[in-house]
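A quick write-up on the structure given underneath.
The values are calculated or read from the model by the stated rules, or taken from the named source; none is laboratory data. Predicted, not measured: the structure shown is a model, and the values here were computed from it. Here the Cβ positions follow ideal geometry from the backbone for every residue, glycine too, while neighbour counts run over all protein chains shown. Ligands, DNA and RNA are stripped out before the accessible areas are found, and what is left, the full protein with its side chains, is counted by its heavy atoms. Shrake-Rupley method; radii C 1.70, N 1.55, O 1.52, S 1.80 Å.
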Amino acid sequence: VDAVGGRGEIVFDSGVRRGTDVDAAFAWQRDRIGGGDVVVLRASGADGYNDYLLTDIGGVDSVETLLIDTPALAAAPYVAWTIDHAEAVFLAGGDQAVYVRAWGDGPVAAAITAAYQRGAVVGGTSAGCAVLGELAFTAGNGSVTSTEALGDPYDPLVTIGADFVALAPLAQVITDSHFAARDRMGRLLAFTARAMVDGLAARPLGLGVD
C-alpha cells in the first residue's frame, strides 16, 4: 500500500479484484471518507468491488461501479455527476489504453482531477494505477517487456503520454504496477528516460508498485 497526502488523498493497490487486493488500502480509504460514497470506474469486467467495499470493508454509504468503455459513454452527464458526488473514486484494473482513449481529454478525466482537488480519495489498481501519474505508459500499441523497452526505448510499444489527470503529488511521476512479479524495473527505467529525453518532465520519477 502506498499513500500520498495532499488536499485529497491517493491510494495505490496493485492487486486484482479480488484475489490479491490489499484490504488495508481500502480500510485506509474508508477511514478518510467519513462514511461517504464510492464510485469504481472501469472499462471491462463486472461489479465485484461493490459487495467487497460495502460489506467486507464496510463503513461507506454506497458503492457504484460504472463501466465506461467508449468516449460516448464517458460523455454521459450521469457519469460526471456521479464522480462529482463521490467521496472516493477508484480506477479498477483493465487496459489503460482504453482508459486513455475513452476517458482522456474529456469529462471523466476532468472529474477525477476535480474529485482529488476537492478532497476526495482517488486510487487505482493495475491499469487504474498506471494512469494516475502526470506521465503514463499508455499501452497504446500493447504491453511491453523490460527487455523490449531497454533494447529500444523508442520501440513503437513504448508509448508515453502526459496529463491524463492532474494530481499534484504525482507531478512528473510515472507509475508501473505488478512491479516485481512481472520484472518491470527495466521498462520503468526506459519510461522515465524517454519522458526526460522527450521533454515531458525535467526530473521524471518512476514509481514501481507491487
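So if I check each of 78, 52, which one is over 26 Å from residue 168 (Cβ atoms), surrounded by 17 or more Cβ atoms within 10 Å (Cβ to Cβ), at pLDDT 95 or above and touching a strand residue (DSSP E or B) at 6+ places or on another chain (Cβ under 9 Å)?
Only one candidate passes the filter, namely 52.
Would you check which residues across region 58-75 are open to solvent by 60 Å² or more (accessible area, probe 1.4 Å) and either polar (S, T, N, Q) or in a loop (DSSP other than H, G, I, E, B) (or both) and list them?
61, 69, 75
Go over the candidates 188, 150 one by one and state the one that is closer than 29 Å to residue 114 by Cα and part of a helix (DSSP H, G or I).
Testing whether each residue is closer than 29 Å to residue 114 by Cα and part of a helix (DSSP H, G or I) leaves just 188.
Determine if region 79-100 includes at least one residue that is in a helix (DSSP H, G or I) and without any contact (Cβ under 8 Å) to a residue 24 or more places away in the chain.
yes
Between a residue in region 43-57 that is farther than 14 Å from residue 69 by Cβ and part of a loop (DSSP other than H, G, I, E, B) and any residue that is of a type in the set (A, V, I, L, M, F, W, C) and open to solvent by 60 Å² or more (accessible area, probe 1.4 Å), which pairs come within a Cβ distance under 9 Å, given they are 6 or more apart or on different chains?
Close Cβ pairs satisfying both conditions: 47/67.
One line per residue, one yes/no per condition, for (1) among the aromatic types (Phe, Trp, Tyr); (2) within 19 Å of the chain's Cα centre (by Cα); (3) surrounded by fewer than 16 Cβ atoms within 10 Å (Cβ to Cβ):
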| residue | (1), (2), (3) |
| --- | --- |
| 157 | no, no, no |
| 161 | no, yes, no |
| 172 | no, yes, no |
| 178 | no, yes, no |
| 195 | no, yes, no |
| 203 | no, no, yes |
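Considering region 147-171 alone, what residues qualify as being farther than 22 Å from residue 92 by Cα and either charged (D, E, K, R) or touching a Leu at 6+ places or on another chain (Cβ under 6 Å) (or both)?
148, 152, 155
Sort out which residues of region 161-187 are closer than 21 Å to residue 20 by Cβ, of a type in the set (A, V, I, L, M, F, W, C) and free of Cβ contacts under 8 Å to residues at least 40 places away in the same chain, and write them in order of number.
180, 181, 185, listed by residue number.
Please tell me if residue 150 is in contact (Cβ under 8 Å) with a residue 40 or more places away in the chain, farther than 30 Å from residue 27 by Cβ and either within 14 Å of the chain's Cα centre (by Cα) or open to solvent by 10 Å² or more (accessible area, probe 1.4 Å) (or both).
yes
Which residues, taken from region 103-129, are open to solvent by 10 Å² or more (accessible area, probe 1.4 Å) and within 19 Å of residue 69 (Cβ to Cβ)?
104, 105, 106, 107, 110, 126
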